[in-house]
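Please read the structure below before turning to the comments.
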Amino acid sequence: MHSGISSVGVLGGGLMGTGIAETAARAGYQVPVFEPVAGSRPTSRARLEKSVGRAVKAGKISPAEQESMLMRVRYVGEIAELGASEVVIEAVVEDADVKLEYFRRLGERVEDDALLASNTSSIPIAGLASVVRNPERVLGLHFFSPAPVMPLVEVVSALGTSEQTVERAAAFVRSLGKTPIATKDRSGFIVNMLLIPYLMAAVRMLEEGFATREHIDAGMKLGCGHPMGPLALCDFIGLDVLYAICDSLYDEFKRPEYAPPPLLKRMLVTGWLGRKSGRGFYEYDDGATRRLSAVAAEL
């Protein structure tokens with residue numbers, strides 16, 4: 001663990017929040033987790049236990065390590081219980097107004113020298129920092145899904161983020177066994193600014209009937225050595241998440257390659273969000289592909 005940090009608070013118990021909590025617990029930190037929706041806390045805990053169980057089966061950790069990791073993660077009933085943590089990472093829904101309200105509340109409850117980080121993939125860090133005392137300690141720590149597995153974290157500095165904050169955050173990321181990369185506070189940061197045009201080009205290609213989803217995905221897997229095709233990756237990320245990132249990127253840069261294609265919007269209103277809803281560009285049964293969906297034909 002990094003000197004001076006013993007507790008890492010996590011705000012949000014969804015897929016990313018749970019993964020970040022597991023990552024911090026694996027590194028030996030105490031991890032209080034505040035999931036605002038009380039009814040979702042058992043789901044988050046079950047997700048955590050399932051993920052840690054898979055790590056045991058894969059031989060990555062021992063049963064004794066599994067037990068101690070799970071003991072380090074504690075679900076709390078009030079946001080104030082994150083106040084003693086030296087690092088607090090927000091991972092709630094990708095909505096600027098929601099995040100701003102939680103940053104206001106965090107700013108009133110955590111110590112003045114605690115790092116306050118958002119896992120946002122597209123929302124400006126400067127706006128979140130503006131509602132917090134000592135905004136120089138606010139930054140982005142953008143983890144990638146699944147957080148316990150993916151080795152990268154984007155360290156996002158706003159205009160007012162201090163160099164000391166960036167250095168502390170990078171050291172913290174390394175203590176998790178991850179690689180930090182530094183980026184400025186622009187929508188999409190490094191990875192999504194490069195990734196989104198590629199993914200949206202694949203969606204447009206399908207939408208226009210240029211090629212089938214099978215051939216689009218096979219082309220990038222077999223032709224470029226990608227582990228997953230772009231449409232399968234869209235499903236994995238979540239079409240609602242991608243749509244929000246597209247909106248943020250287009251709002252900031254006004255470039256057509258960032259605009260979400262009409263097909264994506266139609267899929268969202270139909271409830272096809274990707275793997276997490278059981279259907280996106282493909283259909284899923286317990287996380288495995290059951291059969292290909294006829295998205296273009298049906299929409």
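The values are calculated or read from the model by the stated rules, or taken from the named source; none is laboratory data. This one's a predicted model, so the numbers in the text were calculated from it and none came from an experiment. Because the Cβ atoms are built from the backbone with ideal geometry, glycine has one as well, and the counts that use them run over all protein chains shown. Ligands, DNA and RNA are excluded from the accessible area calculation, which covers all protein heavy atoms including side chains. Shrake-Rupley method; radii C 1.70, N 1.55, O 1.52, S 1.80 Å.
Which of the following residues is on the phi < 0 side of the Ramachandran plot, in contact with a His (Cβ under 8 Å, 6 or more places away or on another chain) and of a type outside the set (Gly, Ala, Ser): MET205, MET267, MET220?
Every option except MET220 fails the conditions.
Among the residues of the stretch 232-247, are any without any contact (Cβ under 8 Å) to a residue 60 or more places away in the chain and loosely packed, with under 14 Cβ neighbours inside 10 Å?
So far as the stretch 232-247 goes, no, none of its residues is without any contact (Cβ under 8 Å) to a residue 60 or more places away in the chain and loosely packed, with under 14 Cβ neighbours inside 10 Å.
Just for the stretch 121-146: of the residues that are under 18 Å from ILE196 (Cβ atoms) and touching a residue at least 60 places away in the same chain (Cβ under 8 Å), which one is surrounded by the most Cβ atoms within 10 Å (Cβ to Cβ)?
Residue satisfying both the conditions and the ranking: SER121.
Considering only residues that are over 22 Å from SER187 (Cβ atoms) and open to solvent by 10 Å² or more (accessible area, probe 1.4 Å), which ones fall in the stretch 264-275?
ARG266, VAL269, THR270, GLY271, TRP272, ARG275
Can you go through GLU22, GLU35 and tell me which one is among the acidic types (Asp, Glu), touching a Leu at 6+ places or on another chain (Cβ under 8 Å) and at negative phi?
Only one candidate qualifies: GLU22.
Restricting attention to the stretch 216-258, and to residues there that are in contact with a helix residue (DSSP H, G or I) (Cβ under 9 Å, 6 or more places away or on another chain) and β-branched (Val, Ile, Thr), which single residue is modelled with the highest pLDDT?
Going through the qualifying residues, I end up with ILE216.
Which condition does SER187 not pass, out of (1) under 17 Å from the mean Cα position of the chain (by Cα); (2) modelled with pLDDT of 95 or more; (3) open to solvent by less than 50 Å² (accessible area, probe 1.4 Å), if it passes all the others?
(2)
Sort out which residues of the stretch 151-168 are among the polar types (S, T, N, Q) and over 18 Å from PHE189 (Cβ atoms), and write them in order of number.
Result: SER162, GLN164.
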